[in-house]
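Novice: One structure follows; several queries about it will come next.
The values are calculated or read from the model by the stated rules, or taken from the named source; none is laboratory data. Because the structure is predicted, anything quoted here is derived from the model rather than measured. All Cβ positions, glycine included, derive from the backbone under ideal geometry; neighbour counts span all protein chains shown.
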Amino acid sequence: MTASLRTCLREPIPEIGEAARLLESAVLAHLAGNPKLAHELIRQADIPAIRDWTESLWGSNSPYVQYRPIENAPPSIPKEHRVKLRMPTTAEKNALHQRDGFHCRFCGIPLIRKEIRERIKKAYPDALSWGSKNPEQHAAFQAMWLQYDHLLPHARGGDNNLDNMVITCAPCNFGRMNWTLEEVGLIDPRTRQPVRSAWTGLEEFR
């Protein structure tokens, strides 16, 4: 029933907004020629509460991801029969950025592209940790990691048509896994406008 639907798996916590402000200030410090301050601000944005929020959404045991069977839901498709191109092209990604901006279409948190994260990490490797395991990754950059999400999952027959894709954060994307929106009780984000704000995704970092 509509009353049981929600816009996201779990509401964002205030610390994510705090981290975004710290990272914006870090970029400004970097551009102003103050790398010492930039380093400290990036380090401060690695907030443990954000990691806890992210970890609460990932994995099959998440209390926030509650599957419910839906009659006639699209079945999972064998890999050899799925749409060959899983990720959108560069042109498709640019179109999604133009349409959705740099906020998750589900929970609304500010987002940062992988390419920008890697650029900042190269300049500040001791402040922006990014290991191979989740606990070894900077909490804010991990939660705010921009994803290109298929509303009808790729594993269920979804393609890269822009009408089937939205920009999301990593927790919302990986938390939903291969379930449909209905199966986890989410309102279709296409029914509401993208979040518009002054957040730029730290794209000005050079």
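Novice: So which residues in segment 154-206 are among the basic types (K, R), surrounded by fewer than 14 Cβ atoms within 10 Å (Cβ to Cβ) and part of a helix (DSSP H, G or I)?
Specialist: Hit for segment 154-206 is R190, nothing else.
Novice: Listed residues E182, E204; which is over 30 Å from E40 (Cβ atoms) and either aliphatic (A, V, I, L, M) or in contact (Cβ under 8 Å) with a residue 12 or more places away in the chain (or both)?
Specialist: Numbers: E204 fails: over 30 Å from E40 (Cβ atoms).
Sole residue among the options that is over 30 Å from E40 (Cβ atoms) and either aliphatic (A, V, I, L, M) or in contact (Cβ under 8 Å) with a residue 12 or more places away in the chain (or both): E182.
Novice: Continuing with this model, one more query. List the residue pairs whose Cβ atoms are under 7 Å apart, where the first residue sits in segment 139-153 and is buried (at least 21 other Cβ atoms within 10 Å of the Cβ), the second is modelled with pLDDT under 95 and small (G, A, S), and the two are 6 or more positions apart or on different chains.
Specialist: Qualifying pairs under 7 Å: H150/G158.
Novice: Sticking with this structure for a sec: Test each condition in (1) more than 27 Å from G59 (Cα to Cα); (2) surrounded by fewer than 17 Cβ atoms within 10 Å (Cβ to Cβ); (3) not polar (S, T, N, Q) for K114 and report the one that comes out false.
Specialist: For K114, the failing item is (1).
Novice: Note down all Cβ pairs under 6 Å where the first residue falls in segment 29-49 and is under 14 Å from H138 (Cβ atoms), the second is assigned to a loop (DSSP other than H, G, I, E, B) and modelled with pLDDT of 95 or more, and they're at least six residues apart or on different chains.
Specialist: Taking only residues 6 or more apart or on different chains, the pairs are H39/Y124; H39/A127; I42/Y124; I42/A127; I42/L128; R43/A127; D46/H138.
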